[in-house]
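A short write-up of the structure that comes next.
The values are calculated or read from the model by the stated rules, or taken from the named source; none is laboratory data. None of the values given here were measured: they were computed from a predicted structure. Neighbour counts are summed over all protein chains in view; Cβ atoms, including those assigned to glycine, are modelled from backbone coordinates with ideal geometry. Quick note on the areas: whole protein, heavy atoms, side chains included, nothing else; ligands and nucleic acids left out. Shrake-Rupley method; radii C 1.70, N 1.55, O 1.52, S 1.80 Å.
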Amino acid sequence: MIKNILLSLLILIVSCSPKQLKNKITTANTKQEKPNVIIILADDLGWADVGFNGSTDIPTPNLDALANQGVSFTNGYASHSYCGPSRSGLLAGRYQQRFGCENNIGKSFDGPIPGVPLDEKMISEVLQENGYQTCAIGKWHLGNTPEYWPNGRGFDDWFGFAGGSRNFWGKSWGKDYNTWHQIMRNGKPEPLENLSYLTDDFSNAAVEYINDYSKSEKPFFMYLAYNAPHAPIQATKEYLKTVDHIEQGERAAYGAMVSGMDVGIGKVIEQLKKTGEYENTLIFFYSDNGGHGKGSSQSPYRGQKGLLFEGGIRVPFLMSWPAGFEGGNKIDEPVIAYDIFSTVMKATNINAKKDLDGVDLIPFVKGEVTNKTTHEKLFWRYSDGAGFAVRKGDYKLVKEAVRDELFLFNLKEDPYEQKNLVTTLPEKVKELKSDYDNWNKDNVENHWPDAHLPNIGKMKKAREVIMKKTSAGEVNSKK
């Protein structure tokens with residue numbers, strides 16, 4: 001018996017790399033090595049624009065493989081319907097309305113708090129304080145001045161830009177272009193000759209950081225925030241070839257951007273495997289909000305970016321951790337961006353020392369929790385209440401500025417939000433409105449005006465004009 005045990009141990013030692021052996025031994029001794037953590041964020045990606053949600057025209061083989069190896073969430077939500085607030089809620093782990101960041105900050109805003117308040121601790125700061133190597137790559141959109149940039153918010157390394165959008169051709173901007181758009185490396189402008197197509201630049205930077213961090217015994221946290229497929233719609237000829245089968249030009253151009261991002265994610269996964277880090281890396285992928293409507297698809301859901309119908313907030317959402325749980329499942333319980341912070345804290349056995357609004361998803365993924373839902377209630381709000389939404393069980397109450405109406409839907413019976421129950425279920429409307437009012441009491445005044453609200457106004461006006469023009473011939477036809 002003892003000989004058999006010794007023989008098995010010898011085989012284990014010979015067959016494993018030092019790092020793999022360390023993982024196996026610590027797991028056997030119930031001392032799980034802290035996982036690396038990567039949050040990969042897409043920008044304005046439509047729910048139906050990835051294969052694991054049913055897309056058949058845009059190739060996303062690397063994301064699909066990651067979903068198959070992990071879990072995908074069919075009711076995965078962003079915390080907001082547009083960029084900046086969604087990102088602040090993600091990194092803070094709680095409703096952004098609690099700390100005055102539910103609006104997009106404008107590039108010219110110069111008020112006293114030009115970014116996420118410095119006393120609102122981010123996940124990067126918590127992990128950095130607990131021995132993690134940390135890096136931010138890509139789009140920031142959470143502060144206009146250096147003290148609010150990533151290097152001041154818990155990130156050892158930063159490669160990206162501070163603003164909300166920019167041209168994808170890195171070399172096309174002059175050296176004197178303002179810092180909102182300029183590509184930075186740790187707060188200093190990156191030489192133009194080092195830049196090409198930004199999606200590739202960000203993917204390559206991620207590969208380099210993984211290679212460097214893997215040489216240390218310390219775990220790492222990476223925030224890989226692509227600005228693809230946000231406008232402007234720009235892609236390389238290489239990525240355009242991957243969608244040559246799409247006849248509709250706008251869809252093809254947009255799809256090429258998604259394809260380029262997927263190729264980059266494939267490089268990241270390959271580097272994790274090459275360095276032996278993949279098995280013990282907890283990876284999240286999701287979009288900051290719904291698709292922007294310029295070639296994107298939220299099908300079969302109603303609405304798009306900027307709106308609180310499902311199409312504006314339900315997004316592709318997956319989680320993978322080979323060493324932590326078995327994959328290959330789909331989870332139907334509603335999950336939201338805040339859950340990422342809470343899940344990471346549990347996985348790393350770290351106390352965030354702050355109130356969090358999310359839940360640990362791993363017990364649900366493992367099937368250890370079957371007698372309760374992830375969230376009894378979820379709330380959304382934009383522009384100081386110009387729009388808001390509440391999801392409670394199967395019911396969802398929506399106040400949309402683009403329609404100036406109140407909507408109530410039963411998502412179980414009407415997942416595509418086509419039958420308004422406001423007049424037929426007034427008591428349910430009253431109940432959910434009361435839930436919203438109670439939640440809203442704890443929200444604080446926003447630190448800056450909403451730079452995105454005019455876009456919703458334009459959407460509303462354009463809809464009215466088109467509807468009127470479409471029916472204009474009806475009067476003459478009846479004469």
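Looking at the chain, the DSSP beta bridges with both ends there are about 50 percent antiparallel.
Between Thr56 and Thr373, residue separation times 0.36 nm minus the direct Cα-Cα distance comes to 111.0 nm.
Pull out a ≥ b ≥ c, the square roots of the eigenvalues of the alpha-carbon gyration tensor of the range 156-257, then state rounded if a/c is under 1.5, prolate if not and a/b is larger than b/c, and oblate in the remaining case. Oblate.
Between Asn130 and Asn194, the simple label model (points 7 Å from Cα in the Cβ direction) yields a spacing of 3.1 nm. Taking 0.36 nm per residue of separation and subtracting the Cα-Cα distance, full extension of the segment from Lys433 to Asn186 would add 84.4 nm. The charge dipole of the range 50-124, taken about its Cα centre with unit charges on the Cβ atoms of Lys, Arg (+1), Asp and Glu (-1) only, comes to about 160 debye. Only DSSP H runs of four or more residues enter the estimate; each adds -39500 (n - 2.57), and after division by the residues of the chain the mean residue ellipticity at 222 nm equals -10000 deg cm²/dmol.
Among Val359, Val258, the order of accessible area from largest down is Val359, Val258, computed with a 1.4 Å probe on protein heavy atoms. Taking every alpha-carbon pair under 8 Å whose residues sit at least 6 apart, the range 348-415 reaches a relative contact order of 16 percent.
Projected onto its three principal axes, the C-alpha set of the range 142-210 covers 30, 27, 18 Å, listed from the longest axis down.
About the Cα centre of the chain, how large is the charge dipole given +1 on each Lys and Arg Cβ and -1 on each Asp and Glu Cβ? Please answer in debye to the nearest 20.
Working: 57 positive and 59 negative charges, 76 e Å.
It works out to roughly 360 debye.
The angle between the Cα long axis of helix 338-348 and the main principal axis of the chain comes to about 10°, on a 0 to 90 degree scale.
Accessible area per residue, 1.4 Å probe, Å², for the range 263-369: what's the number? Intermediate results must be reported in sequence, preceding the final value.
Details: 3600 Å² over 107 residues.
Averaged over the residues of the range 263-369, the accessible area is 34 Å².
To the nearest ten degrees, helix 18-28 and the longest principal axis of the Cα atoms of the chain are 80 degrees apart. Asp394 contributes an accessible area of around 70 Å² to the protein surface, as traced by a 1.4 Å probe with all chains present. Approximating the spin labels as points 7 Å out from Cα along Cα→Cβ, the Asn329-to-Arg98 distance works out to 2.7 nm. Using every pair of distinct Cα positions in the chain, the Kirkwood expression returns a hydrodynamic radius of 23.4 angstrom.
The range 252-292 and the range 400-479 have Cα centres spaced 34 Å apart. The HN-Hα couplings worked out from phi for the range 232-245 by the Karplus form 6.51 cos²θ - 1.76 cosθ + 1.60 (θ = phi - 60°) are x, 7, 9, 8, 7, 4, 4, 7, 5, 5, 6, 10, 4, 7 Hz, whole numbers, x standing for Gly and Pro. On the chain, 52 percent of the accessible area sits on carbon and sulfur atoms, based on a 1.4 Å probe. The charge dipole of the range 258-391, taken about its Cα centre with unit charges on the Cβ of Lys, Arg, Asp and Glu (plus for the first two, minus for the last two), comes to roughly 280 debye.
Within 10 Å, count the other beta carbons around each residue, average over each peptide in 321-334, 84-97, and list them highest first.
Numbers: 321-334: 16.5, 84-97: 27.3.
Result, highest mean Cβ count within 10 Å first: 84-97, 321-334.
Within the assembled protein chains, the solvent-accessible surface assigned to Ser55 is about 20 Å², based on a 1.4 Å probe. One decimal place: the segment Glu445-Leu425 gains 4.0 nm when fully extended, by the rule 0.36 nm per residue minus the C-alpha distance. Mean sequence separation of contacting Cα pairs (under 8 Å, at least six apart), scaled by the length of the chain, corresponds to a relative contact order of 23 percent.
Axis angle, to the nearest 10 degrees, between helix 453-470 and the longest C-alpha principal axis of the chain: 50 degrees. Positive-end ranking of Ser297, Ile362, Leu272 along the dipole of the chain, with charges on Cβ about the Cα centre, is headed by Ser297. Using only the Cα atoms of the range 184-338, build the gyration tensor, take square roots of its eigenvalues as a ≥ b ≥ c, and label the shape rounded, prolate or oblate: rounded if a/c is under 1.5, else prolate if a/b is larger than b/c, else oblate. Because a/c hits 1.5 or more and a/b fails to exceed b/c, the range 184-338 counts as oblate.
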